[in-house]
Amino acid sequence: MTATVTALELGLVTCHSCGLVCRPPDRAGCKVFCPRCEASLHARKPDSIARTWALLLAACVLYIPANLLPIMESGSLFGSQQDTIMSGVVFLATSGSWHLAALVFFASIIVPSGKLLAMALLLVSLRRSAPGSARARTRLYRVLEFFGRWSMLDIYVVTLLAALVQIESIATIRPGPGAPFFGGVVVLTMLAAMSFDPRLIWDNLKEQTRNDGNT
Amino acid sequence: MPEKDASPSRKSVIHDIALSAEISRRTIAVSSVIEGPQVLCAAVALPEVVACHSCDMLQRSIPLAPGGTALCSRCGSPLFRTGHLDRALALTFTALVVFVIASAFPIATIETQGRHNAASLPGAVGLLWDAEMHLLAVLVFVTTLLVPFLELALLAVILGALQAGHPSRPIRLMLRLISGTRPWGMVEVFMLGVLVSLVKLAHLAQVVPGVALWSYAALMLLLAAVWSNIDGRELWAVAVRGAPR
Ligand SMILES: [Zn+2]
Ligand SMILES: [Zn+2]
């Protein structure tokens with residue numbers, strides 16, 4: 001790799017809010033803020049690893065009731081029915097619209113579980129990193145950031161169905177107790193991805209090649 | 001330190017230093033009252049360099065051809081693009097009008113056995129709230145109504161003021177607010193949710209799409225168009241020194 005210099009090595013700090021590169025003043029013990037947008041400045045997102053782990057574990061805990069409890073309860077003249085996320089996908093697949101089923105399966109099952117696994121992978125691999133994989137891991141992080149929001153899909157479907165199917169004495173749909181848990185999983189995984197700092201991947205890489213050079 | 005640098009953007013560097021001095025004077029005066037011993041210090045801005053958000057590599061900014069995107073030479077993440085702020089302003093106003101239509105009219109009506117029921121987005125949020133699903137109601141309200149509206153309204157004010165050549169501190173604070181709230185606006189996901197639920201219902205009842213359905217589709221495309229015409233780096237530069245005449 002040709003001479004790459006990071007902002008951190010030159011003592012410079014990038015504003016998290018507006019992206020401006022700044023030189024913090026030499027004075028010790030003062031709270032530094034961005035001259036352009038006035039956000040407080042940090043070289044790396046504060047407590048990135050601990051915060052990301054905490055949010056990730058909380059998301060894992062909520063993920064269990066989100067999948068086991070019904071996300072939607074429908075009632076009609078012919079009895080009532082409860083749907084979990086998985087049974088909703090199965091219903092779509094058996095009722096003929098399999099590409100829609102594939103879409104919902106991707107947004108509601110692959111994206112949240114994949115995001116939990118991939119965030120854990122990123123955090124664990126911070127400690128022992130193979131040099132070639134840093135670029136791939138950065139790309140993985142960007143993909144996570146992009147797809148995370150799409151798991152809100154099921155929340156919106158339940159909201160709309162509950163609003164539309166409100167015909168007294170014929171059919172009604174109500175959101176089930178699993179829905180708030182599922183919403184919680186989406187919010188927590190998004191927060192986890194936001195608190196993760198991808199620059200730590202590259203910081204560790206430099207540190208390790210330096211250590212390897214010394215031995 | 002930046003004075004040594006004789007790059008073409010020298011003028012904006014000097015401006016930023018003046019700006020930081022101005023801010024530091026004011027905030028230190030205020031902070032000594034509010035925060036006691038805690039002193040606030042402004043950092044010195046170096047707007048001629050870019051640090052990659054994904055890997056922190058420092059790079060000098062290069063002039064781009066129209067429609068071009070600068071990528072990080074180490075990790076490949078996008079650094080900045082070329083923007084068209086005047087086009088973004090026109091699109092923002094259009095999107096605001098479409099947003100009002102989309103939230104005022106029903107998304108769809110279902111008909112079965114001679115009875116029908118229509119649902120609008122604010123109505124759907126209200127029903128969630130009434131069903132004791134308060135957290136869910138707040139989540140849907142924030143992601144589909146509050147954040148998209150804030151985003152468009154603030155953008156209209158910011159782009160309007162900058163176009164008229166009035167960069168100011170409130171404009172910069174609004175810009176910071178937008179960059180924080182933007183990930184929580186999910187119009188495009190909501191649009192997909194509408195399609196999925198209508199297809200699900202098509203088996204059970206007759207579904208008539210409403211005005212808001214088309215408006216949401218238009219809003220989704222308009223929002224994408226607005227942001228594709230905005231480069232954050234350029235917008236921030238204009239918010240400090242004003243639009244080039
Ligand atoms: Zn800033
Ligand atoms: Zn990079």
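Here B:Arg176 passes the criteria (1) within 16 Å of ligand 1 (Cβ to nearest atom); (2) closer than 26 Å to A:Ser195 by Cα; (3) open to solvent by less than 30 Å² (accessible area, probe 1.4 Å) except the one numbered (3).
Only one of the numbered conditions (1) farther than 28 Å from A:Trp202 by Cα; (2) at the interface with chain B (Cβ under 10 Å from one of its Cβ atoms); (3) at pLDDT 90 or above; (4) open to solvent by 20 Å² or more (accessible area, probe 1.4 Å) is violated by A:Gly96, and that is (3).
Only a single item in (1) under 18 Å from the mean Cα position of the chain (by Cα); (2) without any contact (Cβ under 8 Å) to a residue 24 or more places away in the chain is not met by B:Leu128, and it is number (1).
Summed over segment A:8-46, residues that are farther than 12 Å from B:Leu40 by Cβ, more than 14 Å from ligand 1 (Cβ to nearest atom) and within 7 Å of chain B (Cβ to nearest Cβ) total 2.
None of A:Ala50, A:Ala43 is away from ligand 2 (no atom under 16 Å from the Cβ), over 20 Å from B:Leu175 (Cβ atoms) and either within 28 Å of the chain's Cα centre (by Cα) or in a helix (DSSP H, G or I) (or both) except A:Ala50. For segment B:73-85, taking the residues that are within 15 Å of ligand 2 (Cβ to nearest atom) and assigned to a loop (DSSP other than H, G, I, E, B), the one that is farthest from the other protein chains (Cβ to nearest Cβ) is identified as B:Ser73. Tell me whether segment A:77-91 contains one or more residues that are surrounded by 20 or more Cβ atoms within 10 Å (Cβ to Cβ), more than 10 Å from every other protein chain (Cβ to nearest Cβ), in contact with a helix residue (DSSP H, G or I) (Cβ under 7 Å, 6 or more places away or on another chain) and in a helix (DSSP H, G or I). Checking segment A:77-91: at least one residue is surrounded by 20 or more Cβ atoms within 10 Å (Cβ to Cβ), more than 10 Å from every other protein chain (Cβ to nearest Cβ), in contact with a helix residue (DSSP H, G or I) (Cβ under 7 Å, 6 or more places away or on another chain) and in a helix (DSSP H, G or I). Out of all the residues in segment B:48-71, which are more than 16 Å from A:Leu8 (Cα to Cα) and either in contact (Cβ under 8 Å) with a residue 12 or more places away in the chain or within 14 Å of ligand 2 (Cβ to nearest atom) (or both)? Selection gives B:Glu48, B:Ser61, B:Leu64, B:Ala65, B:Pro66, B:Gly67, B:Gly68, B:Thr69, B:Ala70, B:Leu71. Residue count for segment B:126-141 under the criterion of being part of a helix (DSSP H, G or I) and either facing chain A (nearest Cβ under 7 Å) or of a type in the set (Lys, Arg) (or both): the result is 6.
Just one of A:Ala163, A:Ala179, A:Ala136 is touching a residue at least 12 places away in the same chain (Cβ under 8 Å) and either in contact with a helix residue (DSSP H, G or I) (Cβ under 6 Å, 6 or more places away or on another chain) or in the same structural domain as A:Ala59 (by TED's automatic domain parsing) (or both); which is it?
Working: A:Ala163 fails: touching a residue at least 12 places away in the same chain (Cβ under 8 Å); A:Ala136 fails: touching a residue at least 12 places away in the same chain (Cβ under 8 Å).
So the residue among A:Ala163, A:Ala179, A:Ala136 that is touching a residue at least 12 places away in the same chain (Cβ under 8 Å) and either in contact with a helix residue (DSSP H, G or I) (Cβ under 6 Å, 6 or more places away or on another chain) or in the same structural domain as A:Ala59 (by TED's automatic domain parsing) (or both) is A:Ala179.
Each residue in segment A:100-149 was checked for being among the hydroxyl-bearing types (Ser, Thr, Tyr) and within 12 Å of chain B (Cβ to nearest Cβ), and 4 pass.
Does segment A:27-43 contain at least one residue that is touching a Leu at 6+ places or on another chain (Cβ under 8 Å), closer than 16 Å to A:Met194 by Cβ and open to solvent by 50 Å² or more (accessible area, probe 1.4 Å)?
From segment A:27-43, those touching a Leu at 6+ places or on another chain (Cβ under 8 Å) are A:30-38, A:43; that's our starting set.
Right, trim to closer than 16 Å to A:Met194 by Cβ and you get none.
No - not one qualifying residue is present in segment A:27-43.
Restricting attention to segment A:188-202, which residues are open to solvent by less than 40 Å² (accessible area, probe 1.4 Å) and facing another protein chain (nearest Cβ under 8 Å)? Correct list: A:Met190, A:Pro198, A:Arg199, A:Ile201, A:Trp202. Evaluating B:Phe80 against the criteria (1) touching a residue at least 60 places away in the same chain (Cβ under 8 Å); (2) away from ligand 1 (no atom under 16 Å from the Cβ); (3) within 25 Å of A:Thr4 (Cα to Cα) leaves one unmet condition, (2).
When the residues of segment A:92-146 are filtered to those that are under 21 Å from the mean Cα position of the chain (by Cα) and part of a loop (DSSP other than H, G, I, E, B), the one that is farthest from A:Val185 (Cα to Cα) is A:Arg127. Here segment A:166-187 is the region considered, the condition is being within 7 Å of chain B (Cβ to nearest Cβ) and either in a loop (DSSP other than H, G, I, E, B) or of a type in the set (Lys, Arg) (or both), and the residue that is most open to solvent (accessible area, probe 1.4 Å) is A:Arg174. Those residues that are open to solvent by 60 Å² or more (accessible area, probe 1.4 Å) and out of contact with any helix residue (DSSP H, G or I) (no Cβ under 9 Å at 6 or more places or on another chain), I need them from segment B:101-117; list them, please. Across segment B:101-117, the qualifying residues are B:Glu111, B:Gln113, B:Gly114, B:Arg115, B:His116. When B:Ala88, B:Ala70, B:Ala65, B:Ala95 are checked against the criterion of being more than 8 Å from chain A (Cβ to nearest Cβ), part of a loop (DSSP other than H, G, I, E, B) and either under 18 Å from B:Leu223 (Cβ atoms) or open to solvent by less than 70 Å² (accessible area, probe 1.4 Å) (or both), a single residue qualifies: B:Ala65.
The values are calculated or read from the model by the stated rules, or taken from the named source; none is laboratory data. Predicted, not measured: the structure shown is a model, and the values here were computed from it. Backbone-built Cβ (ideal geometry, glycine too); neighbour counts: all protein chains shown. To get the accessible areas, we keep the full protein, side chains included, count just its heavy atoms, and leave off ligands, DNA and RNA. Shrake-Rupley method; radii C 1.70, N 1.55, O 1.52, S 1.80 Å.
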